[in-house]
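Worksheet: the structure to be examined is printed underneath.
The values are calculated or read from the model by the stated rules, or taken from the named source; none is laboratory data. As the structure is a prediction and not an experimental result, all values here were calculated from the model. So basically every Cβ, Gly included, is an ideal-geometry build from the backbone, and we count neighbours across all protein chains shown. Please note that ligands, DNA and RNA were not included when accessible areas were found on the heavy atoms of the full protein model with its side chains. Shrake-Rupley method; radii C 1.70, N 1.55, O 1.52, S 1.80 Å.
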Amino acid sequence: AKERKNVCVMFNEWMETEYLGRMRLSLELSTALDSHQIFLQYQPVRDTITGAVVSAEALVRWQHPTRGVLSPGQFIAIAETNDLIEELGAFVLYAACLEAMTWREPIPVAVNLSPRQLHSGRFVPVLRACIRDTGIQPERLILEVTETVFLAASAGTVSQLDAIRRMGVRIVLDDFGTGYSSLTYLRGFDVDGIKIDASFIRDLPQSRKVGAIVRTIARLASDMNVYVVAEGVESNEQLEWLRDNDIPFIQGFMLGRPGSAAQIDAMLSEPVKRHA
Ligand code: C2E
Ligand code: MG
Ligand code: MG
Ligand code: MG
């Protein structure tokens, strides 16, 4: 009887922390959108040689009324379990385009896409409407998808991604190298860029093995006419390695933490290094 009681207590605790917590967050998230608690931060991507800001990635945040600022890891999965991800995704897309239109230079803005946003078939019309409503040039938009988009690929996924590319919007493979079959995705689908996952960059410059992998990914990308970004650059040593090994674009806390749209705009007036 005592054991059973313990199990009940444990179960109740689990209910409270996990299940109820998720339930509550998911209810709160639907009102968060209407009450302006969702906002975007932007992280710059820089040219490795000149340091110029070449694009900015929108990262969603939730200013929760009692819990402070929540990061996407704390609520995207919850949004994905119901249809909220479509509403949230559309909000992020519109907000990113509108804010990018305020920047002094027309650099591209990257938006992360959940595979779930491609399930209902409503995303392509939303994207079209967003381009029309905000007036952004499709060439200024980059959509970042992870390799999981192909894992869960419904028949329509690839054709939707193709339709998006035909509109002039670029598709980039995010967290490249962490999927089950990264090369297979590259063979089966044309992308405009790849972002080498931060877990590889973390091991640079110490690991010769990882160095070889990163160099090979970059060579492969360049042969396929696909651009490469190294994610998660945190140290000068990493930066130097990436420069010496001709990785053209870099992103990471060292090159700029996520900040406001106004902060990106300010970066666009920074002087750029001239290199021989
Ligand atoms: P991601 O697209 O790979 O974004 C990079 C994440 O790494 C961001 O975390 C960023 O703040 C963090 N980061 C950047 N540079 C560094 C660094 O030098 N060191 C370390 N340790 N971290 C760095 P964040 O903002 O928490 O986003 C996490 C993930 O959530 C993103 O990974 C992306 O997959 C997803 N996400 C973000 N915004 C959205 C969104 O609007 N929609 C969807 N569906 N997913 C989003
Ligand atoms: Mg991303
Ligand atoms: Mg990434
Ligand atoms: Mg990543």
query = Which is farthest toward the positive dipole end of region 1-128 among 95, 59, 77, measuring Cα position about the Cα centre, with Cβ charges +1 (Lys, Arg) and -1 (Asp, Glu)?
reply = 77
query = Nearest 10 degrees, 0 to 90: what angle lies between the long axis of helix 208-223 and the longest principal axis of the chain (Cα atoms)?
reply = 70 degrees
key: Vicinal HN-Hα couplings computed from phi for region 133-150 (Karplus, 6.51 cos²θ - 1.76 cosθ + 1.60; Hz; Gly/Pro x)   = 5, 8, x, 5, 6, x, 5, 8, 9, 10, 10, 9, 10, 8, 5, 5, 4, 8
key: Using alpha-carbon coordinates, inclination of helix 21-34 to the longest axis of the chain, degrees   = 60 degrees
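I'd like the FRET efficiency for residue 23 and residue 234, computed as 1/(1 + (r/R0)^6) with the beta carbon distance as r and R0 of 22 Å, rounded to 0.05. Don't jump to the answer; show the numbers that get you there.
Numbers: r = 36 Å, r/R0 = 1.65.
For residue 23 and residue 234, the calculated efficiency is 0.05.
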request  = Can you sort 62, 241 by 1.4 Å-probe accessible area, starting with the largest?
outcome  = 241, 62
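Would you list 36, 64 from the most to the least accessible area, probe 1.4 Å? Could the numbers behind the result be given before it?
On the way: 36 160, 64 5 Å².
Largest to smallest exposure gives the sequence 36, 64.
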ask   = Quick one: if you stick a label point 7 Å off each Cα along the C-beta vector at residue 4 and residue 206, how many nm between them?
value = 5.3 nm
Partner aspartates and glutamates for residue 5 [C-alpha distance under 20 Å; skip if fewer than 8 residues away on the same chain] = 13, 16, 18
key: the chain, relative contact order in percent, only Cα pairs under 8 angstrom and at least six apart counted   = 21 percent
inquiry  = Can you tell me the orientation of helix 84-100 relative to the chain, as the angle in degrees between its alpha-carbon axis and the longest Cα principal axis, to the nearest 10?
reply    = 40 degrees
inquiry  = Using helices alone, I'd like the mean residue ellipticity at 222 nm for the chain: each DSSP H run of four-plus residues gives -39500 (n - 2.57), total over residue count, nearest 500.
reply    = -13000 deg cm²/dmol
q = 0.08, 0.16, 0.17 Å⁻¹, the chain: log10 I(q)/I(0) [Debye, one scatterer per Cα] = -0.37, -1.32, -1.44
Computed lengthening from residue 254 to residue 102, 0.36 nm per intervening residue step minus Cα-Cα distance = 52.2 nm
task = Determine one quarter of the surface area of the Cα convex hull of region 138-187, which equals its mean projected area, and express it in nm² to one decimal.
result = 3.4 nm²
